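Accompanying notes for the structure given below.
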Amino acid sequence: GESVGLHLPTLSVQEGDNSIINCAYSNSASDYFIWYKQESGKGPQFIIDIRSNMDKRQGQRVTVLLNKTVKHLSLQIAATQPGDSAVYFCAETKRPGFQKLVFGTGTRLLVSP
Amino acid sequence: DTGVSQDPRHKITKRGQNVTFRCDPISEHNRLYWYRQTLGQGPEFLTYFQNEAQLEKSRLLSDRFSAERPKGSFSTLEIQRTEQGDSAMYLCATGGGRSYEQYFGPGTRLTVT
């Protein structure tokens, strides 16, 4: 069935380091991928998205890379800050905006000062 | 704060009782989604509305679950005869216009004792 998975459940980094969070997806028909950040007691917050016709997209301090050959998605956070500490989820969908998102299990990012 | 509100934020109920949750979307958003999230997992899709029409339901949505969006604005999710396995965070997300993004509310945490 459809599934989106993550390689590492917890990632610990020092403040100022760059962080890389990885995700494997299984549905090759997915057209749209999103990274969400979820802080304790809050709903998921959109970070960045990428369409399947792209392999890289940059935002403010964040970059998403998509490798369709191996069905791999990664989120890079530059100069990680304590405020980046949260659980990060990748999600996929076939028809962005009009269909359900399929989420992975999440990676917890811990940033120590 | 994304502008999506959910009420209540927390609900404790005894097994067998009925509960109802409410979601108020961002006013111009015509798409509304319900997800369920258990501890350590990503959100799982439950159902999707476009305006007042319920267009998709997950197999997770057993006959004890019902969702409505009577006027295409707020939505309710009712669980009848609650079971301990229903304990989870129930998230509402909305979207609209040409944006693909789904904006999540803070969620309602249900505990069934």
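Do any GluC sites (Glu not before Pro) in the stretch B:1-63 lie in a loop, going by DSSP, with at most 15 other beta-carbon atoms within 10 Å of their beta carbon, and if so which? When the GluC sites (Glu not before Pro) of the stretch B:1-63 are filtered for loop state and at most 15 Cβ neighbours within 10 Å, B:Glu28, B:Glu52 remain. The loop-placed trypsin sites (Lys or Arg not before Pro) in the stretch B:1-102, going by DSSP, that have at most 15 neighbouring Cβ atoms within 10 Å of their Cβ come out as B:Arg9, B:Lys14, B:Arg15, B:Arg59, B:Arg64, B:Lys71, B:Arg81, B:Arg98.
Taking amide H as placed 1.01 Å from N in the peptide plane, the amide H of B:Thr111 sits under 5 Å from that of B:Lys11, B:Ile12, B:Thr13, each at least 5 places away or on another chain.
For chain B, the share of alpha carbon pairs falling in successive 5 Å distance bins from zero is 2, 13, 24, 26, 19, 10, 4, 1, 0 percent. Scanning residues 5 or more positions from A:Glu15 or on other chains, those with amide H under 5 Å from its amide H are A:Ser112, with H placed 1.01 Å from N in the peptide plane. Peptide B:35-45 shows a mean partner chain C-beta count of 5 within 10 Å per residue C-beta. Local charge sum around B:Thr111 (other residues, Cβ-Cβ under 14 Å, Lys/Arg +1, Asp/Glu -1)? Value of the local net charge: +4. Of the Cα atoms belonging to chain A, the radius of gyration and Dmax stand at 13.3, 41 Å. Once Rg and the Kirkwood radius are both taken over the C-alpha atoms of the protein assembly as shown, their ratio Rg/Rh works out to 0.97.
Modelled spin-label separation between B:Glu28 and A:Ser12, with each label point placed 7 Å from Cα along the Cα-to-Cβ direction: 4.6 nm.
Rule-based calculations on the coordinates, nothing more; no lab input. These figures come from a predicted structure and were not determined experimentally. Methodologically, a virtual Cβ is constructed for each residue, glycine included, from the backbone with ideal geometry; neighbour enumeration extends over all protein chains shown.
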